[in-house]
Structures are given as structure tokens and as C-alpha cells.
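The values are calculated or read from the model by the stated rules, or taken from the named source; none is laboratory data. Small disclaimer: the values here were computed from a predicted structure and weren't measured. Note: ideal-geometry Cβ built from the backbone for every residue, glycine included; neighbour counts use all protein chains shown. Keep in mind that these areas ignore ligands, DNA and RNA; they rest on the heavy atoms of the full protein, side chains included. Shrake-Rupley method; radii C 1.70, N 1.55, O 1.52, S 1.80 Å.
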Amino acid sequence: MNDLTTVVDSAVAAFAAVNTPADLENAKAQYLGKSGRITDMMKGMAALPVEEKKTRGAAINLAKQAIEAALNARRQALADAELQAQLQAEALDVTLPGRQRGQGGLHPVSLTLERIEAIFGSMGFEVAQGPEIESDWFNFTALNTPEDHPARSMHDTFYVEGGSEAAPNLLRTHTSPMQIRHAVQHVKKHRLAAEGSVTAGDFFSGAMPEIRVIAPGRTYRVDSDATHSPMFHQCEGLWVGEAISFKDLKFVFTDFCRTFFENKDLVLRFRPSFFPFTEPSAEIDIQFPSGPLAGRWLEVAGSGQVHPNVIRNMGLDPERYIGFAFGMGPDRLTMLRYGVNDLRLFFDGDIRFLSQFR
Ligand code: DAH
């Protein structure tokens, strides 16, 4: 019987040594397979006398059962281990916070534009939108900008296809063309109204209602560095009536800047300058009384009294109508408000920068 104990021990050891179901089945074949050791022993019984066959056969059967039991136990153990490994690998950590939908927000320059519109809206200004592909007439000629003005040069302006030689199309270099576009519409609308049935409120004592509008939007120039981008924003302002003076410009713009920067002690300076479409013209500088920018004059807008030639191109009589205009840079205002020192950050689309303004 000693040989049977040895075979059982050897099988149990062999089964314990394997680590995969396939190896286990190979090990099984060595004991229980067609030419396995137990099978051989069975065959070996043929030569034994009948009495011995009985006892030997029973002993071999017991050994076989022991091996089968060890085999099944090992099979189960391997299957359990495999399941455990799979559970571990595919473990779901239900304590992790769920994936949230990213929260968007307005671009910092859009926040500024909304703010500009709200402040001027509260002062009775309409908001007008105009085309970014503009004709040479609205962008330059109608704004009293002479043929030889450097702003018209190829180096400063993106000319685009579509216009004629005499009146080329271009990407507008400023929002000032909206002065003309809006005023012409305004004049046309009220002249038509005058011919039809005029309702009270359309006119102030039969005169043209004042033009009071801002026109924010994208503008383009061949310029690129930390404070210039080929695409940038401007916001035009225009107030034309029968008695609108430089005094009104100073009041309106000062009020705007103090509200925009939430600083009633902000100081403004109107510095004499030149623009073809205004006469006289002024550059507007602001100064913060305190904070990191205190004591420096910071230019925020160009402005002036609308030139008589421009008033005429609006379809109005310059002997009767007068007003002011300004053009400011919302990108610059955004940089000053939030302390951003590189304009390009606004247009790189880096979420780490933009998400700070949510
Ligand atoms: N369009 C001018 C520019 O881009 C800015 C400007 C100056 C606009 C004076 C005005 C103005 O309306 O009156 O530099």
C-alpha cells in the first residue's frame, strides 16, 4: 500500500504546485489520464489472483478518490483566486466623487463688454452691431480719413477680396465705421417717419431725436505683441444732437470709468490729440488713486467732437447737429480691471487662465 500513499502525496504536491487551470489539467493527466499512474496501476491488477484483486482494487479506488478530491479542491481554489484577481482589477471605488459636467463661463472680455453695455445702457445708449468685413468707404473715407493716411496702408490693414479697386473691402480697423452706419440708419428711419404719420415721442418738437449709441465688436490690425493682437476689441460711442458738447463727453466718460472700475476717486485727463474724424480730439487717460497702478496715466480711449464732414456723411447738417464720439479698448479695460499683463492670454484659449474668471 505504500506505493499508493506515495502516489497520492505526489499528486497532491503536483496540484498544489500549479497556478493555472491549464497546468492543473496537465497535472491531472499524469495521474488520472489514459496513461496516468492510477490508470497504470489498474491495468497492473490484471495479473493478480482474484482475492488480491479485490483488496488491491479497493485500495486503488480509495487513492483515486483522494486524488480526485485534491484535484477538485485545487480547481476550486484556482477559480476562487481568479475571481478575486478579477474583482480586484475591476474594482469600482464607489466613494470617488462622480464626474461633474464642466461649468462654463463667460470670457473675461465678454464680461467687460456686458459691463460696458449695462453702464451705457443706464445712460440711455443703444447698442449697435456692425460687420467686421467693412468697405473702405465706411472704415476710412466717410470718417474724413484722407487717401494718404498711414492707417490705410497695406502694413496696417487686412484687405480682403470682394470689393472693387476703388472701394476695397477690409477687416475693419476700428469700430468707428459704425458711427456712419448707425447714424445713416437713424436718419433714414426718422425721415421716413416724418413723411408718414409722426407719433408723439418720435421727435422732440419736430427735430431729429438724438443719436446715442455704443457699438462694441471685433477689430483687426497687422500688429502682434504683448499689448497688441491682430484681432482685438473696441467699443465706439456716439452722441449727436443739437447741443451736445465736450462737457457732455467729459461727464459721460468720467461717469462710465468710475462706474466700470467701481472707484469714485478715479481721475481722468483729456489730452489734446488728433483723429481725422474729430475736431478737436482728445486722448483719454485715467489714473487710479491707489493700488498697484496708482500714479500712472493709463490711456483708455480716443475721443473728440465729431468732425463736420463726418456729420455731413451721416446725412445731417453740421450747422445744426453736433456731438461727440469716442473709441475705447475693452481688452485694455479688462487687463486693467483684473491685473492681466499679457493681452495674448485672452486669445490663447488656455482653460487654466480662462476658468479664473468664472
Ligand atoms: N477709432 C480710433 C482708433 O481706433 C479711436 C477713436 C478716436 C474713436 C476718436 C473715436 C474718436 O470715436 O472720436 O484709434
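Observations on the model:
- Condition check for ARG74: charged (D, E, K, R) and under 30 Å from PHE347 (Cβ atoms): no
- Among residues of the stretch 263-317 being of a type in the set (Phe, Trp, Tyr) and outside any strand (DSSP E or B), the one that is nearest to the ligand (Cβ to nearest atom) is PHE277.
- The criterion of being open to solvent by less than 30 Å² (accessible area, probe 1.4 Å), under 23 Å from PRO177 (Cα atoms) and touching a helix residue (DSSP H, G or I) at 6+ places or on another chain (Cβ under 6 Å) holds for PHE256.
- Residue within the stretch 100-120 that is among the hydroxyl-bearing types (Ser, Thr, Tyr), closer than 25 Å to HIS182 by Cβ and open to solvent by less than 50 Å² (accessible area, probe 1.4 Å) present: yes
- Any hit, the stretch 171-178, residues being away from the ligand (no atom under 15 Å from the Cβ), within 30 Å of the chain's Cα centre (by Cα), at pLDDT 95 or above and open to solvent by 30 Å² or more (accessible area, probe 1.4 Å): no
- Pairs where the first residue, in the stretch 228-239, is in the same structural domain as ILE180 (by TED's automatic domain parsing) and of a type in the set (D, E, K, R) and the second is near the ligand (Cβ under 10 Å from one of its atoms) and assigned to a strand (DSSP E or B), C-beta under 8 Å, 6+ apart: GLU236/ALA215; GLU236/ALA325; GLU236/PHE326; GLU236/GLY327
- When the residues of the stretch 318-358 are filtered to those that are aromatic (Phe, Trp, Tyr) and more than 12 Å from the ligand (Cβ to nearest atom), the one that is least open to solvent (accessible area, probe 1.4 Å) is PHE346.
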